[in-house]
Amino acid sequence: MANVTFEQVTKQFGDYIAVNNLNLNIEDGEFLVFVGPSGCGKTTSLRLLAGLESITKGQICIGDRRVNELSPKDRDIAMVFQSYALYPHMSVFENMAFSLQLQGKSRKEVKQRVQSAAQQLGIEKLLNRKPKELSGGQRQRVAVGRAIVREPAVFLMDEPLSNLDAKLRVQARKEISKLHEELKTTFIYVTHDQVEAMTMGDRIAVMKDGILQQVDTPTNLYNNPTNMFVAGFIGSPAMNFFEVEKVKQEVKAYLQLGRDLVPLNHYLSQLTADIDDRPLTLGIRPENIYHPQYLPPDIQGCKIRAEVNLIEMMGNELIVYLETPDGAEFVARIDPRARVRQGETLDLLFDIQRIYLFDREMETVIFAK
Ligand SMILES: Nc1ncnc2c1ncn2[C@@H]1O[C@H](COP(=O)(O)OP(=O)(O)O)[C@@H](O)[C@H]1O
Ligand SMILES: [Mg+2]
């Protein structure tokens, strides 16, 4: 078991900066997820930790040991790759036993460790099969099994579920979370899928263009994103953004959203008065927009007129794609009982307690509830 620290870690490939000054402390026993769009530097960060890439600047520690100069096999980590990389000519048993045999463990210990891992993963009956005789889900378990037999201090997993179909992915997600609970070892997990990140991570590190944007618990990321990127990346359908302008009518302050006005409470009118004339973006999540006939009694709605472009009936909710008269598009998740027709104009209600404000140019958050 060990904590892991990235200290001002930068990785350059020629002139290209794949990881830019990464600072991150991962607690002993924590399940940390790196998430972000393709190419943002997730795999590179993991490979730097594993010793499969050299570090351009900064240092990485596992426990209190600096590992920059250590070879991969001396770092006490095990990695599960996206491509599983099982040896095709070896049986499941041999695949799982291989690294232990390399370490010179006794036959008895190898057998005992492989069997115990196989039991934990429910693959005892597959030990004599070759990889080509396994389903995708079984191969994925063997790849995990091959990592756990080594009893490493830290597990690294790079998109281990991306080759599975949607249903298996959900199941495998739960199995990996359960494995983490049982082993109580540090897990560092990479995915581009925010749902996977939200459901599995104790904390999530959101990356973009090689730069760590925010690291926090799923709930805090969702409620208090530090910028528009995180706000838009976490949550599905994504948060809606509108360019708005501050206006005053008599003594009350509003945000002008197209032709409609969003009233500001005392706190927000103070806040927006204090930040002079920076251009603002309003954010609101699809679930905080209501159909006029299905507004819960305790919610204060602000009317925004829009035309319905498209409707997706999901059974438990209605996803409605809308457009204001000024052409701003947005998405609402509304009560499935609402009768909505394509092409109709509606007065939607925005929950004004749930609006976010961002600096439009810097894209940083000004207000989150
Ligand atoms: N060996 C390499 N040589 C040059 N560029 C690389 C190399 N490995 C990764 N990159 C680049 O670094 C960036 C980050 O890659 P990667 O860490 O694989 O992203 P992610 O896993 O988040 O999709 C990408 O733009 C990728 O093309
Ligand atoms: Mg990757």
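The values are calculated or read from the model by the stated rules, or taken from the named source; none is laboratory data. What you are looking at is a predicted structure, and each value in this text was computed from that prediction instead of being measured. Please note: Cβ atoms are built from the backbone with ideal geometry, for glycine as well, and neighbour counts cover all protein chains shown.
For beta carbons closer than 9 Å, sequence separation of 6+ or different chains, a first residue in segment 37-53 that is within 10 Å of HIS192 (Cα to Cα) and a second that is near ligand 2 (Cβ under 8 Å from one of its atoms) and among the acidic types (Asp, Glu), the qualifying pairs are LYS42/ASP158; LYS42/GLU159.
Of all residues assigned to segment 94-116, none qualifies as being closer than 23 Å to THR44 by Cα and in the same structural domain as THR185 (by TED's automatic domain parsing).
Screening ILE319, ILE299, ILE304, ILE366 for residues that are part of a strand (DSSP E or B) and over 16 Å from VAL244 (Cα atoms) leaves exactly one candidate, ILE319.
Evaluation of ALA197 against the conditions (1) under 21 Å from LEU49 (Cα atoms); (2) not in a helix (DSSP H, G or I) shows that the sole unmet condition is (2).
Of all the residues that make up segment 8-28, how many are surrounded by fewer than 16 Cβ atoms within 10 Å (Cβ to Cβ) and either within 21 Å of ASP202 (Cβ to Cβ) or touching a helix residue (DSSP H, G or I) at 6+ places or on another chain (Cβ under 8 Å) (or both)?
Here is the first cut: in segment 8-28, the residues surrounded by fewer than 16 Cβ atoms within 10 Å (Cβ to Cβ) are 8, 12-16, 21, 23, 25, 27-28.
The next check asks that each one be either within 21 Å of ASP202 (Cβ to Cβ) or touching a helix residue (DSSP H, G or I) at 6+ places or on another chain (Cβ under 8 Å) (or both); those that pass are 23, 25, 27-28.
Adding up the residues that qualify gives 4.
I'd like the full set of residues that are in a helix (DSSP H, G or I) and under 32 Å from the mean Cα position of the chain (by Cα), limited to segment 116-131. Within segment 116-131, SER116, ALA117, ALA118, GLN119, GLN120, LEU121, PRO131 qualify. Considering every residue within segment 251-273, establish whether at least one is within 27 Å of the chain's Cα centre (by Cα) and among the aromatic types (Phe, Trp, Tyr). Among the residues of segment 251-273, not one is within 27 Å of the chain's Cα centre (by Cα) and among the aromatic types (Phe, Trp, Tyr), which makes the answer no. Pairs linking a residue in segment 13-25 that is farther than 11 Å from THR56 by Cα and within 15 Å of ligand 1 (Cβ to nearest atom) to a residue that is of a type in the set (Lys, Arg) and part of a strand (DSSP E or B), with Cβ atoms under 6 Å and 6 or more positions apart or on different chains, do not occur. The set of residues in segment 44-55 that are within 12 Å of ligand 1 (Cβ to nearest atom) and either more than 23 Å from the chain's Cα centre (by Cα) or not assigned by TED's automatic domain parsing to the domain that holds PRO72 (or both) comprises LEU52, GLU53, SER54.
Filtered by the rule that a residue be under 13 Å from GLY283 (Cα atoms) and not in a strand (DSSP E or B), segment 238-253 gives ALA238, MET239. Counting just the residues of segment 182-200 that are under 8 Å from the mean Cα position of the chain (by Cα) and within 16 Å of LEU46 (Cα to Cα), which one comes out farthest from ligand 1 (Cβ to nearest atom)? Restricting to residues being under 8 Å from the mean Cα position of the chain (by Cα) and within 16 Å of LEU46 (Cα to Cα), the top hit is ALA197. Checked against the criterion of being outside the structural domain of ALA166 (by TED's automatic domain parsing), within 29 Å of the chain's Cα centre (by Cα) and either surrounded by 16 or more Cβ atoms within 10 Å (Cβ to Cβ) or of a type in the set (Ser, Thr, Tyr) (or both), the candidates ILE284, ILE204 yield just one match: ILE284. Consider segment 132-181. How many of its residues are closer than 27 Å to GLY104 by Cβ, assigned to a helix (DSSP H, G or I) and either touching a residue at least 60 places away in the same chain (Cβ under 8 Å) or within 18 Å of the chain's Cα centre (by Cα) (or both)? Number of matching residues: 5.
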